[in-house]
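J.: Attaching a single structure in structure tokens format; questions to follow.
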Amino acid sequence: MHLLVVEDDRKLGRLLRRLLEEDRHVVELAVDGRTGLELALDAPGIDAMILDIGLPDISGLDVAREVRAAGSDLAILVLTARDTVGDRVTGLDSGADDYLVKPFAYEELAARLRALSRRSAVGLSRPGPRLVNGSIVLDEGTRRVTVDERAVNLSPREFALLECLLRHPGRVMTRDQLLDQAWPYGVSVTLNAVDAYVHYLREKLGAAGQRIETVRGVGYRMATA
């Protein structure tokens, strides 16, 4: 699934992103309500939002209300420290599909996301968005990559690396950023692993692999033209 996490606790947000990416989700992270609302309404292909209520600028409940007012059917899982029946009713009436009280076990969060996916017919059962750059096409739903309509067989790590680069065309991604987003949390690898996998990826993509540009001393960038 393509998930949006809206959480102002930066440490918790980073932890959730790493755990969710380890479970093969694509994750966007926002640390305030207005940014989260903008991404929820404008970012393509987001399937579900994990939304903290206690945000620093506007309430997560207001974010949920505005998402629904805009006509979006985005699945919303609310996170909160409030645990009264009235709080839960308010959250659900604001447009949330489910409610999880802090502190929580990650396993329960993952199970609730799976339930949301089944109920709203999102995730792997629905074709995901296609990321296109030149002749490279990556389909998130089928996890298929083609170049000039020729299928390219990538390893899970190569796929994750390409997906990250395609999501940020023209943006320089440091090796640390690529490690953080394309490798599961807790896996012990060095920065040299990024260089090695970029090499493998370029070889498999053929001439289209030259769209992955080296930014010497920093990292890599997917060409935009």
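The values are calculated or read from the model by the stated rules, or taken from the named source; none is laboratory data. Keep in mind that this is a model prediction, so the values were computed, not measured. As a convention, Cβ positions derive from the backbone with ideal geometry for all residues, glycine included, and neighbour counts pool all protein chains shown. To get the accessible areas, we keep the full protein, side chains included, count just its heavy atoms, and leave off ligands, DNA and RNA. Shrake-Rupley method; radii C 1.70, N 1.55, O 1.52, S 1.80 Å.
J.: Considering only the range 13-124, give the helices (runs of 4 or more DSSP H) lying wholly within it that have at least 3 residues that are within 26 Å of CYS164 (Cβ to Cβ), modelled with pLDDT under 90 and among the hydroxyl-bearing types (Ser, Thr, Tyr). Spell out the reasoning first.
T.: Details: elements: 33-42, 60-69, 85-93, 106-120.
No helices (runs of 4 or more DSSP H) qualify here.
J.: What is the residue count in the range 125-152 for residues that are at pLDDT 90 or above and of a type in the set (S, T, N, Q)?
T.: Number of matching residues: 3.
J.: Turning to a different aspect of this structure: Return the only residue of GLN177, GLN181, GLN210 being open to solvent by 40 Å² or more (accessible area, probe 1.4 Å), modelled with pLDDT of 90 or more and not in a loop (DSSP other than H, G, I, E, B).
T.: Working: GLN177 fails: modelled with pLDDT of 90 or more; GLN181 fails: modelled with pLDDT of 90 or more.
Exactly one of GLN177, GLN181, GLN210 is open to solvent by 40 Å² or more (accessible area, probe 1.4 Å), modelled with pLDDT of 90 or more and not in a loop (DSSP other than H, G, I, E, B), namely GLN210.
J.: Scan the range 80-98 and tell me whether some residue there is on the phi > 0 side of the Ramachandran plot and crowded, with 17+ Cβ neighbours inside 10 Å.
T.: From the range 80-98, those on the phi > 0 side of the Ramachandran plot are 95; that's our starting set.
Retained after the next criterion (residues that are crowded, with 17+ Cβ neighbours inside 10 Å): 95.
Looking for residues that are on the phi > 0 side of the Ramachandran plot and crowded, with 17+ Cβ neighbours inside 10 Å, one finds at least one in the range 80-98, hence yes.
J.: When you look at ALA110, is it over 13 Å from GLY36 (Cα atoms), surrounded by 11 or more Cβ atoms within 10 Å (Cβ to Cβ) and touching a residue at least 40 places away in the same chain (Cβ under 8 Å), yes or no?
T.: Values: over 13 Å from GLY36 (Cα atoms): yes; surrounded by 11 or more Cβ atoms within 10 Å (Cβ to Cβ): yes; touching a residue at least 40 places away in the same chain (Cβ under 8 Å): yes.
Criteria met by ALA110.
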